[in-house]
1. Pairs on different chains or at least eight residues apart, Cα atoms closer than 20 Å: how many lysine pairs in the chain fit?
2. Using 0.36 nm per residue of separation minus the Cα-Cα distance, give me the extension gain between T82 and S46 in nm, one decimal.
3. If you take the beta carbon distance between S24 and F136 as r and set R0 to 22 Å, what does 1/(1 + (r/R0)^6) give as a FRET efficiency, to the nearest 0.05?
4. Please compute the per residue accessible area over segment 18-89 with all protein chains in place, 1.4 Å probe, rounded to a whole number of Å².
5. At 1.4 Å probe size, with the rest of the protein present, what percent of the exposed accessible area of segment 190-240 is carbon and sulfur atoms?
6. Please report, in whole Å³, the volume per residue of the convex hull around the C-alpha atoms of segment 17-176.
7. Quick one: which of 15-26, 209-220, 341-352, 191-202 comes out on top by average Cβ neighbours within 10 Å, and what's the full order, highest first?
8. Read through the labelled values (1) 4, 18, 25, 21, 16, 10, 4, 1, 1, 0, 0; (2) 5, 25, 34, 24, 10, 2, 0; (3) 5, 22, 32, 28, 12, 1, 0 and report the label of the one computed as P(r) over Cα pairs in 10 Å bins from 0, in percent from the structure.
Amino acid sequence: MLIGVMLSAGPIAVLAHGILGAGSVATGFLLALPIAFLIVLGDWRSLRLNVCDALYAVFVCCVAVSLLVVGYADRKEVVLLTLSVAAYPAGRLSGSDILSRGALSVVIPVLIAGTFATAIALVAQWSAPHGKPLVFGQFDAAPAQFTMLLATLILMAATSDRISLRQMMLFGAAAAVPAVIFAASMVRFVFVALVASLAVAVLLNPSTGNRKIILSVLFVGVLVIAIGLATRWQTTSAFLSHAIASAGNNVSCQEIDTDNSIAIRKQLYADAITIFPNSGPLGIGMGKFAQRGCLKGYEIHNTFLQVAIEFGWLTGIVFAALIILSIGASTISMAFFSQEFRFVTCYIIFNILLSFTYGRVSREVILFFFVGYAVRLRESRFEIAKE
């Protein structure tokens, strides 16, 4: 259940803010409590430190030095960063089969509630010029957060050895409803990352029958997404026009349409390329990219670039090495035999892809947790192989 709360922390916070009027403190507790319990109650006896743990320690030291020497822009972000980084030992010390019924008992009800909340906002704002419905009148990122929960369930099903074709068809029928609603809400890159991760699941699955099932899920999923986009064709065509315009035109910072997320990200990457060479070994300071970029107040939206620019080149290299090694050759080779390895590999890839578009290191609790869990699985791969 603790894993379920952590996976659903963002969506639960949206629901708590919208329904109960809860504040940022509640969000902090939603993240802090499961992480703290998982660390305190973790499997400390079987812990054997390895290269990934050393990289994690170096990463933490580099971040701490940068914060102390260069500083930061927002204290709240430092607190959230601390929680994100603490998720690594929480995953590292977790036991096996973490995605049990307890986790699902949290994730599924939150997803259902999020689907209803999004549907209500979508109907009320069907033709709104913003395109993305504001859930509870204020959260335009909420549909993407709920879609990430849906993607978690889909990846769990797609990487499982225990699910039959009939069960997958029933699950697919149930998942199609929120998928259509979220696609109509103009959620895009989460679905792109999900399709890419499902393609990896196909490659890692040793069973021809299971591969056909996953390919069927992929086909139906793309069809469902297309249906969701088609239901709001006027809005979809406007987003397509934004994409085409952004691909071909270079406009000044003042002329960027703030409703065009592609144009915004294009400018953010241009700013990142400009600032990166001057970021130095300790970086420019956490949260200070938003002060230096052309678009004031906008973060990079890429975790890897943010770490390298705001915390320094060395920190960026160590961070990338930690992520890559966590799903290295031994993890991938075990993914052909173990559904747990297979899910973790696909889920880390899914979160890496998300970090390229939505990334912010202080919001990467799930990525840090599953990187830690992947390292823990690598330690137990010989026992799992015997089973």
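The values are calculated or read from the model by the stated rules, or taken from the named source; none is laboratory data. None of the values given here were measured: they were computed from a predicted structure. Using ideal geometry, Cβ is built from the backbone for each residue, glycine included, and neighbour counts are taken over all protein chains shown. Accessible surface areas use protein heavy atoms only, side chains included; no ligands, DNA or RNA. Shrake-Rupley method; radii C 1.70, N 1.55, O 1.52, S 1.80 Å.
1. 6
2. Stretched out fully, the T82 to S46 stretch lengthens by 10.5 nm.
3. 0.90
4. On the way: 4190 Å² over 72 residues.
On a per-residue basis, segment 18-89 sits at 58 Å².
5. Summing carbon and sulfur atoms, their accessible area is 78 percent of the total for segment 190-240.
6. Normalising the Cα hull of segment 17-176 by residue number yields 173 Å³.
7. 341-352, 191-202, 209-220, 15-26
8. (3)
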